[in-house]
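Report on the following structure.
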Amino acid sequence: MQPPRIFLVGLSASGKSTVGRMLAQRLGWEFADSDALIEADAGLPVPELFRREGEAGFRGREAAVLGALALRDNVVVATGGGAITDPASRAAMASGFVAWLRIAPEQAADRLEAGPPTEERPLLAGDALTRLRQLEAARRPLYARADAVVDAASGSPAAVASRLADLYRQGAVFGGSTRLESGSPVAARVITPGGAYPVIVQDGALDVLGAHCRDAGLGGRAFLITDAAVGPLFAERALASLHASRYETGSFAFPGGEEHKTLATVAHVYDWLIAHRVERGDFAVCLGGGVVTDLGGFAAATCLRGIAFVHVPTTTLAMVDASVGGKTGVDHPGGKNLIGVFAQPRAVVVDPGLLRTLPGRHLTAGWAEVVKHGLILDAGLVASLEAAAGTGAPLMSPDLIARSVAIKAEVVSEDEREAGRRTLLNYGHTIGHALEAVTGYSAYLHGEAVAVGMHAAGRISVELGLLEHSALERQQRLLTACGLPARAPGVDVDAVVAATLQDKKVRSGRVRWVLLAGIGHAVMHDGVPEPVVRRAAEAVLA
Ligand SMILES: NC(=O)c1ccc[n+]([C@@H]2O[C@H](COP(=O)([O-])OP(=O)(O)OC[C@H]3O[C@@H](n4cnc5c(N)ncnc54)[C@H](O)[C@@H]3O)[C@@H](O)[C@H]2O)c1
């Protein structure tokens, strides 16, 4: 059961009051503005209260007002931008569903400037943009603990209120590791300019795939795309579930493996779709590992200029990484993933039970991405992984998968096209990609290469004084406990260092590295001196 009250948090000008009023109306609830209630109670405007009582005095009044609201039902509360910084206010808000109306400081500053001559905002005195940036940076970890996050800058206030109402009803959580305790199978919600969709993580989800497709609003016929190894294992269950939801279906399997992730295979998929007179209103279901989700997504996104598609990932890597974020495509003789488009699925349906048949090496390799998600953004996930990996049982936990995928969802929602924060997902990938390229993409699975790359990037982080040595050791212990390699002995160091310069993340001749400043805290770093890269490469390749 969702708590019957919603607290809206976010920067000034994120629209908390306007959206809050609309949301309350939509739900048939009462609306409350905590600043207005404080002013009414004190008989003084907020700036005057700040002058007389200081921020501490104001926060005390705010916590009292929020504490009283926490006892009411059916209320939407617009809170002051800084309420989240006060522990007593946070405790009051924990009684409800907390939604972060996310807006970039620059957009907030623009809105404030374009708005009516502002009332005085005590915390924004001076250069408002600089202050907003500082406040956002300081509050972000607290805002990010919200139950839901909506992009407050895209769409009208009514549209934001409508998305928020959907999130509240679905119990959807986007961002961080704050899953609801309501048992909702929605682990995360991706919200990008290219589309918004849920990531469902649920044991047995394959058997209710049809229902999830109906929930996603998909009509027409369902065209199942899979590979020749996965099809015999799971296609029948997928088709039965689609039939149960009254979809007409067809299925197509291509030979699996990276060597078939080509335009030639896509041409076969087009032939099949077109022979069956696929229409714009139909959709594809991509059932398989990252090869199937990348290739099937690309075929769907380009056939008839794009039909809808749903991903049903069947490998660890595809569940926590490849199926979320909208990168689709195929390889070219000149390199991996060189042909493709960004296209978001309409839903991602993850059934962790499907991992039971996955060969052990693939199962393990995928955990490199889970560990990476924890290392870059979620120290809590790292701690949970340490506990789980210590048991020695094969890692298949729906909870860990859900938390990992929520991090990917959060990052791609902020940065669909990899212009900024999405780059953090490349931790371990600079040396990892180089290692894969130098060894001809055959000796190491992607996750294994990334694990070796994380060892190297961790060493670089320590050498540059960003990371404590003890944190590096912790990372190393966890990767090893997950069964991932620490080294790739015998690989040519010169070739790997040279290959890092070919990395896609090279900007104006400088490699953009992702390094660690702590467990759960990655940073981008433009250019690392070559001798430092070389020493790290030597350590992991010797
Ligand atoms: N789009 C993205 O953001 C993104 C991110 C990471 C990786 N990728 C891509 O993902 C691909 C790698 O994906 P992958 O590691 O899942 O490999 P994969 O799709 O090749 O699957 C690995 C093998 O396992 C088999 N398999 C899959 N699921 C199975 C199951 N449940 N039981 C038994 N066998 C099963 C497959 O047939 C295949 O032989 C690469 O092409 C990579 O470029 C894409």
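The values are calculated or read from the model by the stated rules, or taken from the named source; none is laboratory data. What you see is a predicted model; the values in this text were computed from it and never measured. Counting neighbours? That spans all protein chains shown, and the Cβs are built from the backbone with ideal geometry, glycine included. The accessibility values were calculated without ligands, DNA or RNA, using every heavy atom of the protein model including side chains. Shrake-Rupley method; radii C 1.70, N 1.55, O 1.52, S 1.80 Å.
Hey, quick one: spin label on ASP215, modelled 7 Å out along Cα-Cβ, who in the range 303-326 has an amide N within reach, i.e. under 16 Å?
From the range 303-326, the list is 310-313.
Mind grabbing the accessible area of GLU48 for me, 1.4 Å probe, Å², rounded to tens?
Probe radius 1.4 Å; accessible area of GLU48 about 50 Å².
Counting only residues 5 or more places away or on other chains, whose amide H sits under 5 Å from the amide H of VAL98 once H atoms are built in the peptide plane?
PHE7, ASP147, ALA148
Ordering SER442, SER162 by accessible area with a probe of 1.4 Å, largest first, what comes out? Could the numbers behind the result be given before it?
Values: SER442 90, SER162 35 Å².
My answer, sorted largest first, is SER442, SER162.
Based on the alpha-carbon gyration tensor of the range 254-328 and its eigenvalue square roots a ≥ b ≥ c, which shape applies: rounded if a/c is under 1.5, prolate if not and a/b is larger than b/c, or oblate?
Cα axes put the range 254-328 in the oblate bin.
Find which of GLN476, GLY465, LEU381 sits farthest along the positive direction of the dipole of the range 359-515, computed with +1 on the beta-carbon of Lys and Arg, -1 on that of Asp and Glu, about the Cα centre.
Result: GLY465, furthest along the dipole toward the positive end.
Hey, what did the chain get for relative contact order, percent, Cα under 8 Å, at least 6 apart?
Working: 1071 pairs, mean separation 59.4, N = 542.
It rounds to 11 percent for the chain.
Provide the FRET efficiency to the nearest 0.05 for the THR130-THR480 pair, computing r from the beta carbons and using R0 = 35 Å.
On the way: r = 44 Å, r/R0 = 1.26.
After rounding, the FRET efficiency stands at 0.20.
Suppose every Lys and Arg Cβ carries +1 and every Asp and Glu Cβ carries -1, with no other charges. What dipole size does the chain come out with about its Cα centre, to the nearest 20 debye?
Working: 52 positive and 57 negative charges, 49 e Å.
Dipole of the chain, to the nearest 20 debye: 240 debye.
Give me the distance in nm between label points sitting 7 Å out from Cα along the Cα-to-Cβ direction at ALA383 and ALA88, one decimal.
2.7 nm
Can you give me the relative contact order of the range 244-333 as a percent, contacts being Cα pairs under 8 Å and 6 or more apart? Please report the intermediate quantities before stating the final value.
Details: 115 pairs, mean separation 26.9, N = 90.
Once divided by the residue count of the range 244-333, the mean separation gives 30 percent.
What number of lysine-lysine pairs in the chain show an alpha-carbon separation below 29 angstrom, given a sequence spacing of 8 or more or placement on distinct chains?
Qualifying lysine pairs in the chain: 21.
Among GLY82, ALA499, VAL533, pick out the residue whose Cα is farthest towards the positive end of the charge dipole of the chain, where Lys and Arg carry +1 and Asp and Glu carry -1 on C-beta, about the Cα centre.
GLY82
Once R0 is set to 41 Å, what does the formula 1/(1 + (r/R0)^6) return for the Cβ-Cβ distance between ASP492 and VAL523, expressed as a FRET efficiency to the nearest 0.05?
Values: r = 29 Å, r/R0 = 0.71.
Once the sixth-power term is evaluated, E becomes 0.90.
Take the Cα atoms of the range 290-352, find their three principal axes, and give me the spread along each one in whole Å, biggest first.
Over the range 290-352, Cα extents along the principal axes are 34, 26, 15 Å.
With +1 on the Cβ of every Lys and Arg and -1 on the Cβ of every Asp and Glu, and nothing else charged, how large is the dipole of the range 1-139 about its Cα centre, in debye rounded to the nearest 20?
On the way: 16 positive and 18 negative charges, 83 e Å.
Using Cβ point charges on Lys, Arg, Asp and Glu, the range 1-139 gives about 400 debye.
Can you tell me what percent of all Cα-Cα pairs in the chain are more than 36 Å apart?
Values: 55183 of 146611 pairs.
I get 38 percent for the Cα pairs in the chain exceeding 36 Å.
Note the full-extension length gain between TYR270 and ALA240 as 0.36 nm times their separation in residues minus their Cα-Cα distance, in nm to one decimal. Let's see the in-between values first.
Values: separation 30, 0.36 × 30 = 10.80 nm, distance 2.39 nm.
The span from TYR270 to ALA240 would gain 8.4 nm if fully extended.
Can you give the FRET efficiency for ARG140 and ALA68, using 1/(1 + (r/R0)^6), R0 = 25 Å, r = Cβ-Cβ distance, to the nearest 0.05? Please list the in-between numbers first.
Details: r = 28 Å, r/R0 = 1.11.
E between ARG140 and ALA68, to the nearest 0.05, is 0.35.
Run the simple label-point estimate for SER470 and ARG417 please: 7 Å along Cα→C-beta, distance reported in nm.
4.4 nm
Using the crude model of +1 on Lys and Arg Cβ and -1 on Asp and Glu Cβ, and no other charge, please compute the dipole size for the range 177-272 relative to its Cα centre, in debye to 20. Let's see the in-between values first.
Details: 7 positive and 10 negative charges, 66 e Å.
It comes to approximately 320 debye.
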